[in-house]
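First comes the structure, then the notes that go with it.
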Amino acid sequence: DGADAETLIKNADIAMYAAKEKGKNKYELCTPVMKNSLLENMELTNQLYRTVGRKEFELHYQPQVDINSGMIVGFEALIRWNHPEWGMIPPGKFISIAEKTGLILPIGEWVLKNACRQMKQWHDQGFQRVPVAVNLSVRQFMDYDLVGMVSRVLRETGLEPGYLELEITESILMEDTKSISETLRRLDDMGVKIAMDDFGMKYSSLNYLKQIPLHRLKIDMSFVQGITVNRKDEIIIDGIITLAKNLGIDVLAEGVETLEQLDFLKTARCFIVQGFYLYEPMTADKISVSLVKTA
Ligand code: C2E
Ligand code: MG
Ligand code: MG
């Protein structure tokens, strides 16, 4: 693929990277799609380096709702990149780049600081006191003083640790579980809550449920979207809810988009939900309108 030696080698290289991404013992042929996505990624990578330190990131907050009372019982902070030329870029497009380049460390700290500051402000303004959930990447657990960073941010913003929930995913358990559980234990000792995001999607080893301090399981939206469509998804959801209940862990269903899904979850006794059917992620200004003053 290419008319001269230089192009041939360059394109062969692109194909090699694509093959490596898919695992070992694979081959790939270079395609225009591959070249474009590589170019796009390179461009995003350059722009991401340029962005850190500027004010192009935004946090949106998605309410978590108790369906029995209809009350907001928490928020998940979700990052967006508001690029001056390309507009709003969703995290799915740039978080993996941030992880590969290590930029997730400054970005992750920015997210935590802003989410905690916002929550503290709402508490101080007399709105109902609810926690904020912040997503963490595996990279933030490796060769990095995560516990130090979290405790510094809590101290600087004044948010009580019990109002911070950190979301991890099962992929974290591929790494050195011992040092990861140690980090999680220290966070737990500080009073910070830990939630397992996208539960059931990555590694089916349930052994970790015994080893790490978990406060909440978040049922992945792919299961929720199978409600009324695929009986197997419904059975898995029931199983996760029972598992969580018996372990004494909270459970939340993500990605609720319809009334049928909500009704099923209610019958299955999963009362905390998050999804477009109730609220989409919103800017802090819009959220202030939905919050109830308690003072
Ligand atoms: P997640 O943590 O599982 O977040 C839930 C995602 O589902 C969000 O997408 C949210 O907007 C979307 N969502 C919520 N309700 C519904 C629904 O009813 N239907 C559908 N189809 N989607 C719904 P978003 O904001 O694009 O984030 C995608 C992922 O990016 C997150 O998945 C999380 O893994 C990652 N992410 C977001 N913000 C951060 C961050 O600050 N740090 C890190 N490390 N990762 C982040
Ligand atoms: Mg999450
Ligand atoms: Mg999730």
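The values are calculated or read from the model by the stated rules, or taken from the named source; none is laboratory data. These numbers were taken from a predicted model, which means no experiment stands behind them. So basically every Cβ, Gly included, is an ideal-geometry build from the backbone, and we count neighbours across all protein chains shown. Quick note on the areas: whole protein, heavy atoms, side chains included, nothing else; ligands and nucleic acids left out. Shrake-Rupley method; radii C 1.70, N 1.55, O 1.52, S 1.80 Å.
Listed here are the residues, each with its yes/no results for (1) touching a residue at least 60 places away in the same chain (Cβ under 8 Å); (2) surrounded by 13 or more Cβ atoms within 10 Å (Cβ to Cβ); (3) among the polar types (S, T, N, Q).
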position	(1), (2), (3)
53	no, no, no
74	yes, yes, no
83	no, yes, no
87	no, no, no
90	no, no, no
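For region 175-228, give me each residue that is under 17 Å from the mean Cα position of the chain (by Cα), closer than 21 Å to residue 130 by Cα and touching a residue at least 40 places away in the same chain (Cβ under 8 Å). Scanning region 175-228 gives 192, 193, 195, 197, 215, 216, 218, 219. Of the set (1) assigned to a helix (DSSP H, G or I); (2) open to solvent by less than 30 Å² (accessible area, probe 1.4 Å); (3) in contact with a Ser or Thr (Cβ under 8 Å, 6 or more places away or on another chain), all apply to residue 172 but (3).
Figure legend. Inter-residue proximity from region 245-258: first residues at negative phi, second residues of a type in the set (Ser, Thr, Tyr) and assigned to a loop (DSSP other than H, G, I, E, B), beta-carbon distance below 9 Å, spacing 6+ or different chains. Indicated pairs: 256/277; 257/277; 258/228; 258/277. Scanning region 31-45 for residues that are part of a helix (DSSP H, G or I) and open to solvent by less than 70 Å² (accessible area, probe 1.4 Å) yields a total of 7.
One residue stands out among those in region 104-140 that are open to solvent by less than 20 Å² (accessible area, probe 1.4 Å) and either of a type in the set (Ser, Thr, Tyr) or farther than 28 Å from residue 70 by Cα (or both): the one that is nearest to ligand 1 (Cβ to nearest atom), which is 137.
Considering only region 265-294, state which residues are out of contact with any strand residue (DSSP E or B) (no Cβ under 8 Å at 6 or more places or on another chain) and open to solvent by 40 Å² or more (accessible area, probe 1.4 Å). Result: 266, 267, 269, 276, 277, 285, 286, 289.
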